[in-house]
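The next block holds one structure in the form of structure tokens; read it before the comments.
The values are calculated or read from the model by the stated rules, or taken from the named source; none is laboratory data. Here the structure is a predicted model, which means the values were calculated and not measured. Positions of Cβ are backbone-derived with ideal geometry, glycine not excepted, and every protein chain shown enters the neighbour counts. Side chains are part of the model used for accessible areas, which takes the heavy atoms of the whole protein and leaves out ligands, DNA and RNA. Shrake-Rupley method; radii C 1.70, N 1.55, O 1.52, S 1.80 Å.
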Amino acid sequence: MGTLIHELARRASAGEVGPEGLRAAFDEAWAALPAGPAWRQDARRERAWSMVQAWSGWDADRPRDQLVGVEVPFRCDLTVELPDGRPETVTLRGVVDRLELVDDTLVVVDYKTGRKATAGQVQTLGQLGVYQLAVRAGAFDELIGAAVHRPGKALAVYLDAGEGAARAATLVQPSLDDVPVPDGIDVGSAPDWASAAVAEAARIVRDEDFVARRGSHCRGCPFATDCPPRGARR
């Protein structure tokens, strides 16, 4: 469902589908999806369509002259300092749902089709933080045709407002340049919280130190009964 909604957003942003043809494009794409349980199909279909409508309404309010690209792939190298002081070069690779040029900054936008996070959680949402680091590293210079290395605010656009409401909720992550270290976060010697998070991820992979930790990702996990943090024996 998420892939379908992102693809429709891409096609509409690129002018391949106009507002009047969005429903027909949705119906065609939905028909190609694997069929789920019959008793769930109508509800899933309406929920998906409400998110497409939410995206369309959100997109209609965005300044068209700021749009740089949609579904923008990137790849860049970044050197971070591990907690023990060792330098480590990591490769950042991904796809940004939407990229906008606002004054002298690049604003990254990510569409969310899952459960809405809180404003506090988005402040240090790792995905957006990595996108901001990619901006700093010049990952989009070739696309823009200029060196724009200052990240603007990053946006998480939640398309499912619940109860079939066709509206989106936009939560903002401040620019790393403006808020490098939010209150209450220890980043050691790292220049900002996102660099610290990438360095910790690199350390975990390098040291093969995969420790199970409790979090929102635990909901619905089929291995919960065997998980040490939940009280199971090792």
Open item on the list: Suppose we keep only residues that are among the hydrophobic types (A, V, I, L, M, F, W, C) and in a helix (DSSP H, G or I) within segment 124-142. Which one would you say is nearest to THR105 (Cα to Cα)?
Closed with: VAL135
Open item on the list: Just to be sure I understand, how many residues within segment 132-148 are without any contact (Cβ under 8 Å) to a residue 40 or more places away in the chain and either open to solvent by 10 Å² or more (accessible area, probe 1.4 Å) or under 13 Å from the mean Cα position of the chain (by Cα) (or both)?
Closed with: 5
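Take the conditions open to solvent by 60 Å² or more (accessible area, probe 1.4 Å) and at pLDDT below 90 and apply them to ARG93. Does it pass? Spell out how you get there, then give the answer.
On the way: open to solvent by 60 Å² or more (accessible area, probe 1.4 Å): yes; at pLDDT below 90: no.
Taking the combined requirement at face value, the residue does not satisfy it.
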- [ ] Return the total of residues in segment 1-34 being out of contact with any helix residue (DSSP H, G or I) (no Cβ under 7 Å at 6 or more places or on another chain), over 23 Å from GLY69 (Cα atoms) and of a type in the set (A, V, I, L, M).
- [x] 3
TODO: Kindly list, by first and then second residue, each pair from a residue in segment 27-56 that is free of Cβ contacts under 8 Å to residues at least 60 places away in the same chain to a residue that is surrounded by 14 or more Cβ atoms within 10 Å (Cβ to Cβ) and not in a helix (DSSP H, G or I), limited to pairs with Cβ atoms under 6 Å and residues at least 6 apart or on different chains.
DONE: ALA48/MET1
- [ ] Kindly list the number of the only condition in (1) outside any helix (DSSP H, G or I); (2) closer than 23 Å to SER13 by Cβ; (3) free of Cβ contacts under 8 Å to residues at least 40 places away in the same chain; (4) β-branched (Val, Ile, Thr) that fails for THR91.
- [x] (2)
- [ ] Would you tally the residues in segment 64-90 being more than 17 Å from GLY188 (Cβ to Cβ), touching a strand residue (DSSP E or B) at 6+ places or on another chain (Cβ under 8 Å), of a type outside the set (A, V, I, L, M, F, W, C) and open to solvent by 20 Å² or more (accessible area, probe 1.4 Å)?
- [x] 6
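Quick one: which of PRO222, PRO191 is in a loop (DSSP other than H, G, I, E, B), open to solvent by 90 Å² or more (accessible area, probe 1.4 Å) and more than 18 Å from THR124 (Cβ to Cβ)?
Residue meeting the stated conditions: PRO222.
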Task: Number of the condition not met by GLN121 [criteria: (1) over 26 Å from LEU8 (Cα atoms); (2) in a strand (DSSP E or B)] - done: (2)
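Would you call VAL148 among the hydrophobic types (A, V, I, L, M, F, W, C), in contact with a helix residue (DSSP H, G or I) (Cβ under 8 Å, 6 or more places away or on another chain), in a loop (DSSP other than H, G, I, E, B) and at pLDDT below 95?
yes
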Task: Test: residue in segment 106-128 that is surrounded by fewer than 17 Cβ atoms within 10 Å (Cβ to Cβ) and aromatic (Phe, Trp, Tyr) - done: no
